[in-house]
Every structure is written in C-alpha cells, then in structure tokens.
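Novice: My structure is below; once you've seen it, I'll send some questions.
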Amino acid sequence: MAFDKTLLEVKAGATVKLHLKNKATSAAMQHDFILVQPGKDNEVAMAGLAAGPSKDYIPESSAILAKTKLLKPGEEDTITFTAPSTPGDYPYICTFPGHYPMMKGIMKVN
C-alpha cells in the first residue's frame, strides 16, 4: 500500500499530466492522489476522514492543488494541472481511511 513513485520533480508553472492506476486486488483498497500545499498534508488527511464515504473521503479544501477521483481496484484516472509557480516540496497523499501514513510522497517543484 504505497505510491510506486514517492518523488516527482517538475518545473514551476509547468503543465503536469498525472495518471493513477489502482493495482490493488482487494475491494477494500481504494486510492486517490491529492496534491496539497506544503505543511497541509495532515490537515487535508483529517478533513478527508471527516468528509466521509459520501464524498469519497475527498474534502473541499483550499489547500488541495490537484486531485484524482477515488479509485476502486482496476480503475484509472488521468488529471492535468499546472504545477505551483513557487518552488518547493509539495506533499501528495491518499485520503482513504488508514492510507495517509503510508501513501504519501513529494512533488518537488524547481
């Protein structure tokens, strides 16, 4: 239960196309990709729990910079977004319950 890449590097302001495929085999292993502002990963993860299953554990938050939908095993989603214009390390997480501690990474914006 981890992203296959825990470090992504992009140029500030670049167009980013990200493809997420859930390769899990258990129906309990749903995943998403949520890119957040630096230092906001825990806040967004907790808000995801509060959002609950009716919102697919994806909260409404100004700290979210990009997100996929919540994927069941075998599902895929592709998103396109503009990388932040400010260089830095931007965390990405999975907000499905119990996944945040292990399913996270950094998008390094140069």
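Novice: Just to check your reading of the model, which residue among Pro73, Pro38 is in contact (Cβ under 8 Å) with a residue 40 or more places away in the chain, part of a loop (DSSP other than H, G, I, E, B), over 22 Å from Met1 (Cβ atoms) and not hydrophobic (A, V, I, L, M, F, W, C)? Steps first, answer last, please.
Specialist: Working: Pro73 fails: over 22 Å from Met1 (Cβ atoms).
Only one candidate passes the filter, namely Pro38.
Novice: Does the range 43-50 contain at least one residue that is without any contact (Cβ under 8 Å) to a residue 60 or more places away in the chain, exposed (fewer than 12 other Cβ atoms within 10 Å of the Cβ), on the phi < 0 side of the Ramachandran plot and not in a strand (DSSP E or B)? Talk me through it step by step, then tell me what you get.
Specialist: Here is the first cut: in the range 43-50, the residues without any contact (Cβ under 8 Å) to a residue 60 or more places away in the chain are 43-50.
Then keep just the ones that are exposed (fewer than 12 other Cβ atoms within 10 Å of the Cβ); that gives 50.
Retained after the next criterion (residues that are on the phi < 0 side of the Ramachandran plot): 50.
Going one step further and asking which of them are not in a strand (DSSP E or B), we end up with 50.
Scanning the range 43-50 turns up at least one residue that is without any contact (Cβ under 8 Å) to a residue 60 or more places away in the chain, exposed (fewer than 12 other Cβ atoms within 10 Å of the Cβ), on the phi < 0 side of the Ramachandran plot and not in a strand (DSSP E or B).
Novice: Would you call Tyr92 within 14 Å of the chain's Cα centre (by Cα) and at positive phi? Explain how you work it out, then say what you get.
Specialist: Values: within 14 Å of the chain's Cα centre (by Cα): yes; at positive phi: no.
So Tyr92 does not fit the description; no.
Novice: In addition: For Lys69, state whether it is within 10 Å of the chain's Cα centre (by Cα), of a type outside the set (S, T, N, Q), surrounded by fewer than 19 Cβ atoms within 10 Å (Cβ to Cβ) and under 20 Å from Asn22 (Cα atoms). Outline the logic, then answer.
Specialist: Numbers: within 10 Å of the chain's Cα centre (by Cα): yes; of a type outside the set (S, T, N, Q): yes; surrounded by fewer than 19 Cβ atoms within 10 Å (Cβ to Cβ): yes; under 20 Å from Asn22 (Cα atoms): yes.
Against the criterion (within 10 Å of the chain's Cα centre (by Cα), of a type outside the set (S, T, N, Q), surrounded by fewer than 19 Cβ atoms within 10 Å (Cβ to Cβ) and under 20 Å from Asn22 (Cα atoms)), Lys69 qualifies.
Novice: While we're here: Go through the range 21-35 residue by residue and tally those that are of a type in the set (D, E, K, R), touching an Asp or Glu at 6+ places or on another chain (Cβ under 8 Å) and part of a loop (DSSP other than H, G, I, E, B). First the steps, then the outcome.
Specialist: Taking the range 21-35 as the starting set, the residues that turn out to be of a type in the set (D, E, K, R) are 21, 23, 32.
Within this subset, residues satisfying the condition of being touching an Asp or Glu at 6+ places or on another chain (Cβ under 8 Å) are 21, 32.
Keeping just the survivors that are part of a loop (DSSP other than H, G, I, E, B) gives 32.
Residues in the range 21-35 being of a type in the set (D, E, K, R), touching an Asp or Glu at 6+ places or on another chain (Cβ under 8 Å) and part of a loop (DSSP other than H, G, I, E, B): 1 in total.
Novice: Give me the pairs, please: first residue somewhere in the range 4-26 and closer than 15 Å to Cys94 by Cα, second residue anywhere and of a type in the set (Lys, Arg) and part of a loop (DSSP other than H, G, I, E, B), beta-carbon distance under 7 Å, and either six or more positions apart or on two chains.
Specialist: The qualifying pairs are Asn22/Lys72.
Novice: If you don't mind, there's one more thing I want to ask. Does the range 6-20 contain any residue that is closer than 26 Å to Val109 by Cβ, acidic (Asp, Glu) and assigned to a strand (DSSP E or B)?
Specialist: yes
Novice: What is the residue count in the range 28-39 for residues that are over 12 Å from the mean Cα position of the chain (by Cα) and closer than 18 Å to Thr68 by Cβ? Steps first, please.
Specialist: Narrowing the range 28-39 to residues over 12 Å from the mean Cα position of the chain (by Cα): 28-30, 38-39.
Among the residues that remain, those that are also closer than 18 Å to Thr68 by Cβ are: 29-30.
So the count comes out to 2.
Novice: Give the range 16-36 a look and list any residue that's of a type in the set (S, T, N, Q), more than 19 Å from Gly52 (Cα to Cα) and out of contact with any strand residue (DSSP E or B) (no Cβ under 6 Å at 6 or more places or on another chain), or say none. Don't jump to the end; show me each part of the working.
Specialist: Kept after step one, since they are of a type in the set (S, T, N, Q), are these residues of the range 16-36: 22, 25-26, 30.
Adding the requirement that they be more than 19 Å from Gly52 (Cα to Cα) leaves 22, 25-26.
Answer for the range 16-36, where residues must be of a type in the set (S, T, N, Q), more than 19 Å from Gly52 (Cα to Cα) and out of contact with any strand residue (DSSP E or B) (no Cβ under 6 Å at 6 or more places or on another chain): Thr25, Ser26.
Novice: A further question follows. Just the residues that are part of a loop (DSSP other than H, G, I, E, B) and surrounded by fewer than 18 Cβ atoms within 10 Å (Cβ to Cβ), please, taken from the range 76-110. Full working, then the answer.
Specialist: Narrowing the range 76-110 to residues part of a loop (DSSP other than H, G, I, E, B): 83-87, 94-103, 110.
Those that are part of a loop (DSSP other than H, G, I, E, B) and surrounded by fewer than 18 Cβ atoms within 10 Å (Cβ to Cβ): Ser85, Thr86, Pro87, Pro97, Gly98, Pro101, Met102, Asn110.
Novice: Condition first: touching a residue at least 12 places away in the same chain (Cβ under 8 Å), outside any loop (DSSP other than H, G, I, E, B) and not acidic (Asp, Glu). Can you find one or more residues in the range 53-64 that meet it?
Specialist: Checking the range 53-64: at least one residue is touching a residue at least 12 places away in the same chain (Cβ under 8 Å), outside any loop (DSSP other than H, G, I, E, B) and not acidic (Asp, Glu).
Read the figures in this text as sums done on the coordinates, not as results from a lab. Being a predicted model, the structure only gives us computed values, none of them experimental. Cβ: placed from backbone, ideal geometry, glycine included. Neighbour counts: every protein chain shown.
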